[in-house]
Amino acid sequence: MALAKNSRRDRRVDYWPGFVDALSTLLLSIMFLLTVFVLAQFILSREISGKDEVLNRLNSQINELTQLLVLEQSGKQDLEDTLANLQSSLASSESERSRLQQLLDSGTGTADLVNFCCMVSPYGAAEKQLLLEADSLFARAEALIALAEIEMAKGGETPTPLN
């Protein structure tokens, strides 16, 4: 009888080794999937951060180009203003030249022409004082011609001050 009891016990199925194998396989599978997901998350986060860096760099380039555009537009406006000023001064100079040419052609404006040349001459204060203190119109014209010849003889080595 003792033998029959032992054989009954031996016939029972021991399910623990199979259960442990199934649980360990399930645990290993979950750990593998978790590792794959963590690795994928790491790679995707690096890709996104790389794209963020590129996007930030492109935004900074856009800002720089916008600033350059603003500078160019303001420079263009300054140049247009300068051009308008130069055109108006050219027009006034041309009208003054035509007026002086008419006076020269009529012969009555010789004194006005000499006086005007003395006033706009690019000489210093001492030379202009010499021109103003001349006794006659002829002496003033001779002094102006002499000063011009002196300047031409210098050959423009030293610029004269414009007053």
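The values are calculated or read from the model by the stated rules, or taken from the named source; none is laboratory data. Predicted model, so just to flag it, every value in this text is computed and none were measured. Every residue, glycine as well, gets a Cβ built from its backbone with ideal geometry; the counts of neighbours run over all protein chains shown.
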(message) List pairs: first residue in the stretch 13-31 and surrounded by 10 or more Cβ atoms within 10 Å (Cβ to Cβ), second residue in a helix (DSSP H, G or I) and not small (Gly, Ala, Ser) anywhere in the structure, Cβ distance under 7 angstrom, at least six positions apart or on different chains.
(response) none
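When the stretch 112-123 is examined, which residues are found to be at pLDDT 70 or above and over 47 Å from the mean Cα position of the chain (by Cα)? If you could, list the steps in order and put the result at the bottom.
Of the residues in the stretch 112-123, the ones at pLDDT 70 or above are 114-123.
Within the stretch 112-123, Val114, Asn115 meet the criteria.
Sort out which residues of the stretch 130-152 are over 46 Å from the mean Cα position of the chain (by Cα) and more than 19 Å from Ala111 (Cβ to Cβ), and write them in order of number.
Narrowing the stretch 130-152 to residues over 46 Å from the mean Cα position of the chain (by Cα): 130-147, 149-150.
Scanning the stretch 130-152 gives Glu149, Ile150.
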(request) With the condition kept exactly as written, say whether any residue in the stretch 31-52 is at pLDDT 90 or above and either under 30 Å from Arg140 (Cβ atoms) or touching a Ser or Thr at 6+ places or on another chain (Cβ under 7 Å) (or both). (result) no
(message) Among the numbered criteria (1) among the acidic types (Asp, Glu); (2) loosely packed, with under 10 Cβ neighbours inside 10 Å; (3) modelled with pLDDT of 85 or more, which one does Asp81 miss?
(response) (2)
(message) So Gln67 passes all but one of these: (1) over 28 Å from the mean Cα position of the chain (by Cα); (2) modelled with pLDDT of 95 or more. Which condition number does it fail?
(response) (1)
(message) Conditions first: (1) at pLDDT 75 or above; (2) hydroxyl-bearing (Ser, Thr, Tyr); (3) surrounded by 12 or more Cβ atoms within 10 Å (Cβ to Cβ). Thr160 passes all but one, so which condition is the exception?
(response) (1)
